Amino acid sequence: MTITYLKRGKSTEERGQDDSRTRATVEDILKDIEVRGDAAVRELSQKFDDYAPDSFRLTTARINSLIAQLTPQELDDIKFAQDQVRRFAQAQRASMQDIEVETLPGVILGHKTIPVQSVGCYVPGGKFPMVASAHMSVLTAAVAGVPRIVACTPPFKGLPNPAVIAAIHLAGAHEIHVLGGIQAIGAMALGTETIEPVHMLVGPGNAFVAEAKRQLFGRVGIDLFAGPTETMVIADDTVDAEICATDLLGQAEHGYNSPAILVTNSQKLAAATIAEIDRLLTILSTAETASVSWRDYGEVILCDSHDEMLAVANDIASEHVQVMTDRDDWYLENMTSYGALFLGPRTNVANGDKVIGTNHTLPTKKAGRYTGGLWVGKFLKTHSYQRITTDAAAAQIGAYCSRLCLLEGFVGHAEQANIRVRRYGGQNIAYGGAAK
């Protein structure tokens, strides 16, 4: 196997140092919010966002006035995107059925899917107003039937962003707070005097938001450990450098630490893509951000074959994987670790981010090896139940249960079974305890 890195990003050690500094900062801030509640939240919002209104929660009148600032076209575009997300989420929900089966005569087993009862949705918006993130979290939770949906989003240039607020409201949020960063995550999870805590946190964010969710996991549920945006382009010589470079930089502009990786078996395409990225960075309006990401986290990996490309891609397990080859379906069949696939040159990651209907909150930092992204099922809990309806079944299961409990040394467990054997099975059943 010959794999050559024509360009590498920061080392694992360097990235780990950044993570440890973030971890300490988040830990201190969450402790402060837990102790001082609203006072700490207000100070943090003032410090980081220069925003401290009388109330962070928007009233219905304020929401309506913000929505009124949008043009009809802007509202129509938001509604179109939400229609696509809703349609796919509804299809996913319909695929999840309650079940009940009779596994033995008189033994009934089943499961029910029950929505999480309260969810906090974080909608980023401090640097870019992330309208689409409202569709992905709030709307999907609404389709799942979550009865209390709280949304927090930071101010944009000192004020609530009308488009973001419109998207959150139209998606179905019950409470909207203009609050960002660690203070928003902490307030929703821990609760304050004015914000009742939620059972689950979802939504993407910067490294501090992701770390806050990680530290709070267990106290509340979370969707997944979502770090900075990652994108990978798997390409051969069926496409050109312009489309590869565009797809890489289109995600690198998210932040200063957004990995963008080209995996290819074409030396010519690799070299041309690097040159094209350099050219685009001279004209891209977000080049200040994208150029840092490309410098520190961009990679170009040259492989000998599609098998090698597949192995590299599964090992990296990137959040977004754009496949543009002569065998896209082969990658669909054989890729096992990723966030979402975008197959063929006609589609792209921005489609998934904004409008096509799949969810854009996806696993990063190799989490695609063990979890998929946010979807309607993340808001649903599957709970089992059991029912025994005949004396014969109670005695039969009880006898097996008694003997298996004593095999493990659990006498009290065995007696739970034994009393059913004695009560419902007469004296002709062999079980593990002494009859009374």
- Message: I'm trying to understand the selection: among the residues of segment 232-260, which are at pLDDT 95 or above and assigned to a helix (DSSP H, G or I)?
- Response: 241, 242, 243, 244, 245, 246, 247, 248, 249
- Item | Index of the failed condition, residue 374 passing every other in (1) buried (at least 17 other Cβ atoms within 10 Å of the Cβ); (2) in a strand (DSSP E or B) | (2)
- Query: For segment 62-82, how many residues are open to solvent by less than 70 Å² (accessible area, probe 1.4 Å) and in a helix (DSSP H, G or I)?
  - Reply: 8
- Item | Enumeration of residues in segment 186-217 that are at pLDDT below 95, over 20 Å from residue 56 (Cβ atoms) and surrounded by fewer than 20 Cβ atoms within 10 Å (Cβ to Cβ) | 207, 214
- What number of residues within segment 98-118 satisfy the criterion of being closer than 24 Å to residue 149 by Cβ, open to solvent by 80 Å² or more (accessible area, probe 1.4 Å) and in a loop (DSSP other than H, G, I, E, B)? 2
- Inter-residue pairs, beta-carbon under 8 Å, first within 11 Å of residue 382 (Cβ to Cβ) and in segment 86-99, second open to solvent by less than 60 Å² (accessible area, probe 1.4 Å) and in a helix (DSSP H, G or I), 6+ apart: 96/376; 96/377
- In the set 229, 273, which member is in contact with a strand residue (DSSP E or B) (Cβ under 6 Å, 6 or more places away or on another chain) and either surrounded by 19 or more Cβ atoms within 10 Å (Cβ to Cβ) or outside any helix (DSSP H, G or I) (or both)? 273
- Query: Going by the conditions given, is residue 346 open to solvent by 60 Å² or more (accessible area, probe 1.4 Å), part of a helix (DSSP H, G or I) and either more than 28 Å from residue 148 (Cβ to Cβ) or touching a helix residue (DSSP H, G or I) at 6+ places or on another chain (Cβ under 7 Å) (or both)?
  - Reply: no
- Message: Could you go through segment 49-61 and let me know if any residue there is in a helix (DSSP H, G or I), surrounded by 13 or more Cβ atoms within 10 Å (Cβ to Cβ) and not basic (Lys, Arg).
- Response: yes
- Message: Could you go through segment 119-134 and let me know if any residue there is modelled with pLDDT of 95 or more, assigned to a loop (DSSP other than H, G, I, E, B) and among the hydroxyl-bearing types (Ser, Thr, Tyr).
- Response: no
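The values are calculated or read from the model by the stated rules, or taken from the named source; none is laboratory data. For clarity, every value in this text was computed on a predicted model and none was experimentally measured. When we count neighbours, we look across all protein chains shown, and the Cβ atoms used for this are built from the backbone with ideal geometry, even at glycine. These area figures cover heavy atoms from the full protein model, side chains too; ligands, DNA and RNA do not enter into them. Shrake-Rupley method; radii C 1.70, N 1.55, O 1.52, S 1.80 Å.
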